[in-house]
Amino acid sequence: VGTGPGYGAVILRAAGAASVTAIDFDAATVAAAQKRYARPGITYAVGDAEALAGLGPFDLVCSFENVEHLPHPERFVTAAARVLAPDGALLC
């Protein structure tokens, strides 16, 4: 969540993630990430970190250098908990 340029999605996939859904609020940022870091098993999408609507379940939700930029970070934590699989983890 908060994929920014997109390189983190590539790192997660290379580390063994079966698939990665990389979300960012800004459509231009998502388009640039898709253009530069398109890889099999990675999906880039526009989405709101404070809602994560229509997503999940995920085994892992990662958010690096993003939470401090959110107007309501507690909404992100609530949304992340909602989209996690029963044994999932949130990594910030």
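Put a plus charge on the Cβ of each Lys and Arg, a minus charge on the Cβ of each Asp and Glu, and nothing anywhere else: the dipole of the chain about its Cα centre is then about 400 debye. Taking Cα centre as origin and charging only the Cβ of basic (Lys, Arg, +1) and acidic (Asp, Glu, -1) residues, the dipole magnitude of the stretch 1-50 rounds to 360 debye. Toward the positive end of the charge dipole of the chain, with +1 on the Cβ of Lys and Arg and -1 on the Cβ of Asp and Glu, the farthest Cα among Tyr37, Ala27, Pro71 is that of Tyr37.
By the gyration tensor of its Cα atoms, with a ≥ b ≥ c the square roots of the eigenvalues, what is the shape of the chain: rounded for a/c under 1.5, prolate for a/b over b/c, or oblate? Taking the square roots of the gyration eigenvalues as a ≥ b ≥ c, the chain is oblate. A cut-off of 5 Å between modelled amide H atoms, ignoring neighbours fewer than 5 places along the same chain, links Ala22 with Thr43, Tyr44, Ala45. 3J(HN,Hα) along the stretch 55-61: 10, x, x, 10, 6, 9, 10 Hz, from the Karplus curve 6.51 cos²θ - 1.76 cosθ + 1.60 with θ = phi - 60°, whole Hz, x for Gly and Pro.
Only helical runs count toward this figure. For the chain, summing -39,500 (n - 2.57) over DSSP H runs of n ≥ 4 and dividing by all residues gives -9500 deg cm²/dmol at 222 nm. Think of a 1.4 Å ball rolled over the protein heavy atoms: the chain then has 61 Å² of accessible area per residue. Of the GluC sites (Glu not before Pro) in the stretch 4-92, the ones in a loop by DSSP (not H, G, I, E or B) with at most 13 other beta carbons within 10 Å are Glu65.
Let me know the shape class of the stretch 5-52, please: from the alpha-carbon gyration tensor, a ≥ b ≥ c as square roots of the eigenvalues, rounded when a/c is under 1.5, otherwise prolate if a/b is greater than b/c, or oblate. Oblate is the answer for the stretch 5-52, as a/c is 1.5 or above yet b/c matches or exceeds a/b.
For Cys62, the amide hydrogen comes within under 5 Å of the amide hydrogens of Leu91, counting only partners 5 or more places away or on other chains and with H modelled in the peptide plane. The string of couplings for the stretch 40-45 from the Karplus curve (6.51, -1.76, 1.60, θ = phi - 60°) is x, x, 10, 10, 9, 8 Hz, one whole number per residue in order, with x for Gly and Pro. With a sphere of radius 13 Å drawn around the Cβ of Ala80, what net charge do the other residues whose Cβ falls strictly inside it have (Lys, Arg +1; Asp, Glu -1)? Combined, the nearby Lys, Arg, Asp and Glu give -2. Along Cα→Cβ, 7 Å out, is where each label goes; now give me the distance between the ones at His69 and Lys35 in nm to one decimal. Here the answer is 1.8 nm between the modelled labels.
The values are calculated or read from the model by the stated rules, or taken from the named source; none is laboratory data. Predicted model, so just to flag it, every value in this text is computed and none were measured. Because the Cβ atoms are built from the backbone with ideal geometry, glycine has one as well, and the counts that use them run over all protein chains shown. Each accessible area value is taken on the protein alone, full model and side chains, heavy atoms only, with ligands, DNA and RNA left out. Shrake-Rupley method; radii C 1.70, N 1.55, O 1.52, S 1.80 Å.
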